[in-house]
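Down below is the structure, laid out as structure tokens.
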Amino acid sequence: MLRFPFMDKDFALLKISNTQIKELILPIVIPFIALMVQYHFWIGFKPFVWFLFYPIVFFMAWLGGLRGAIISSVLSAVIVWWFFMPPVFSLYKESFSAYFSTITFIALGYIFGVAMEQLIKANQKVAEQLEANRQKEQLVIQQSKMAAMGEMIGAIAHQWRQPLSIIGGSLINIEESYDENELTKEYLKKQIDSAEKNLLFMSKTIDDFRNFFSPSKSKTDFSVYNNLLNSISIMNAQMESHQISITYDVKDSNANTKTTENEEILDNHFMTNGFSNEFSQVLVNLFANAKDAIEENIQRGMLSKGEGAILITLFNEKNNVVIIVKDNGGGISEKIIDRIFEPYFTTKEQGKGTGIGLYMSKMIIEENMNGKLEVFNDSNGAFLKITLAKAEVKDEGK
Ligand SMILES: Nc1ncnc2c1ncn2[C@@H]1O[C@H](COP(=O)(O)OP(=O)(O)OP(=O)(O)O)[C@@H](O)[C@H]1O
Ligand SMILES: [Mg+2]
């Protein structure tokens, strides 16, 4: 294709922005179009002189704000003055009403302009605010993913500690028995078997955790009981290393007595509908908070090491599945208890907490799963209560 060196420059000169069209070009062009249209009518049945010009000024104010309104109203006033008001084509007019209506027209144009300008600005502000909110939400989601990942890495590290040290021990054993000429094939096989078993466990941990922390694709019926067991097993190694006991108590819906015998019945009584993995993350968040509170309580000297305890109770209440996570970490001060679900609200030092754990948990339970997440204090700690609607199971009661 032929290209001339000046072409780009010329085209650039012709580049007109959207705002220029709305605020300058249209307000100049449209009154002339109105002039042509009105001139055509004028010959036949002489309409009101401002017939087309009022709507135009209003329209231009809506489109181009104050600038559009002023340009189009002044130009329209000049056009009407010159072409339509008797005597036409003259600067002077015979009646006082010509002066009055022209001034009124320009004044109204100005008022339209100011009003529309404010409306446009308000709209822009709303749009900006919405965008800012969206970005903030995105950031919170991003950070909560990072937090979940941190949680996962922490949990893997704890799960791996023991098998790693067992494998290390095996290697030392092998070396020592070789040095002492006691290395039999049998002994070697025993050590290798043990190492393999532990390696298998380690690799399974990674798979479990990967499944656990990947986002659920859709809402499904799942067993809160099952989910609770999984979440506890994820946190178990970590709790053990902090010498915190984590126990659960299940109350069967019918007899209101403790049963842990028939897993299937337990599953059926504690089915709910929602996002299973996200729900597990909520539990992990609550366990992590309880653990932090217990640690702080120990540091304050209110609790001795080894006394920390998290108790989870699972039961039915009307048509709901209820799960309560209780700890003996000293509870939440009344001064802040109203704020703990706010994003970024944390009492922990930097690096230890971001303050989005409970915010995300509340979003997951209340927004995504239509449940309820509440917080209370009792004598020696906090308890968090999750209420979810029970999902009907076909063979229930059998
Ligand atoms: N079980 C609890 N006992 C005492 N205080 C708690 C408990 N759970 C939450 N809190 C208080 O609520 C605050 C907010 O908790 P949240 O889980 O939202 O954030 P965080 O734990 O500080 O940080 P993150 O969860 O992002 O790592 C905590 O900083 C803590 O002060
Ligand atoms: Mg937390």
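A short reminder: the numbers here are calculations on the coordinates, not readings from a lab. Quick caveat, the model's predicted, so the values are computed rather than measured. Note that we place each Cβ from the backbone using ideal geometry, even for glycine, and neighbour counts take in every protein chain shown.
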Work out, in µm²/s and without decimals, the Stokes-Einstein translational diffusion coefficient of the stretch 228-368 at 20 °C, 1.002 mPa s, Rh from Kirkwood over C-alpha pairs. 131
Residue by residue through the stretch 231-246, what is 3J(HN,Hα) from phi via Karplus (6.51 cos²θ - 1.76 cosθ + 1.60, θ = phi - 60°)? Round to whole Hz and write x for glycine and proline. 5, 5, 5, 5, 8, 4, 4, 5, 5, 4, 5, 9, 6, 10, 8, 10
Please name whichever of 143, 169, 31 sits farthest to the positive end of the charge dipole of the chain, dipole taken about the Cα centre and charges placed at Cβ: Lys and Arg +1, Asp and Glu -1. 31
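Can you pull out the chymotrypsin sites (Phe, Trp or Tyr not before Pro) in the stretch 79-165 whose DSSP state is coil and whose Cβ has at most 10 other Cβ atoms within 10 Å? Spell out each step's value before the answer.
On the way: sites: 81, 82, 83, 84, 89, 92, 96, 99, 100, 105, 110, 112, 160; in loops: 84, 89, 92.
Listed in order of number, the matching sites are 89, 92.
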Which of the GluC sites (Glu not before Pro) found in the stretch 300-346 are loop residues per DSSP with 12 or fewer other Cβ atoms within 10 Å of their Cβ? 334
Of 291/390; 145/189; 145/326; 125/219; 217/291, which pairs sit farther than 32 Å apart, going by alpha carbon to alpha carbon? 145/189; 125/219
Using alpha-carbon pairs under 8 Å, 6+ residues apart, how would you state the relative contact order of the chain in percent? 11
Can you pull out the GluC sites (Glu not before Pro) in the stretch 54-154 whose DSSP state is coil and whose Cβ has at most 11 other Cβ atoms within 10 Å? 94
Rounded to the nearest 5, what % of the DSSP beta bridges within the chain are antiparallel ones? 80
On each of the three principal axes the extent of the alpha-carbon atoms of the stretch 343-384, given in whole Å and largest first, is 32, 27, 10
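Could you please tell me the mean projected area of the C-alpha convex hull for the chain, averaged over all directions and given in square nanometres to one decimal? Before the final figure, lay out each step's value.
Working: hull surface 175.0 nm².
Averaged projected hull area, Cα only: 43.8 nm².
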Charge dipole (debye, nearest 20) of the stretch 21-125; +1 at Cβ of Lys and Arg, -1 at Cβ of Asp and Glu: 180
Compactness summary of the stretch 15-133: radius of gyration and Dmax from Cα atoms, Å, are 16.5, 60
